[in-house]
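The next block holds one structure in the form of structure tokens; read it before the comments.
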Amino acid sequence: MAHYKDQKYETETDRRIANLAILDDVHYATFTVQLFQPQLADEQIIVNPERVVRAEFGTQFLLAVRTGFESFGALFIFLISCWPYLILLVLGVLVYRKVSRKKLSV
């Protein structure tokens, strides 16, 4: 039993000494950091997106004229598709005028 305790004490002491040696190595350790950057330049040509996206004046003008004609055509088609309502509106106005004239003359 005494032999076991002595052996255990020696093992613990050896571990402590090894740990202290590691701590001494860490405290007085030096290390070197070497940074590397390649000697290469990356050139990029950046296009002005506003100039690329925007159309020329003539193209914008023709597009505006075409859009105006399309809008006018759509309005004309809409009015043609509503012809029954327009006829009812005209008849209603005529009936209203006749009724209002009869009331004024009586």
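Remarks
- Residue count for region 1-49 satisfying the condition of being part of a helix (DSSP H, G or I), under 60 Å from the mean Cα position of the chain (by Cα) and of a type in the set (A, V, I, L, M, F, W, C): 6.
- Residues of region 50-78 that are surrounded by 10 or more Cβ atoms within 10 Å (Cβ to Cβ) and part of a loop (DSSP other than H, G, I, E, B): R54, A55.
All of the numbers you see were taken from the coordinates with simple rules; none came from a lab. These numbers come from a predicted model, not from an experiment. Here Cβ is always computed from backbone atoms with ideal geometry, including for glycine, and neighbour counts include all displayed protein chains.
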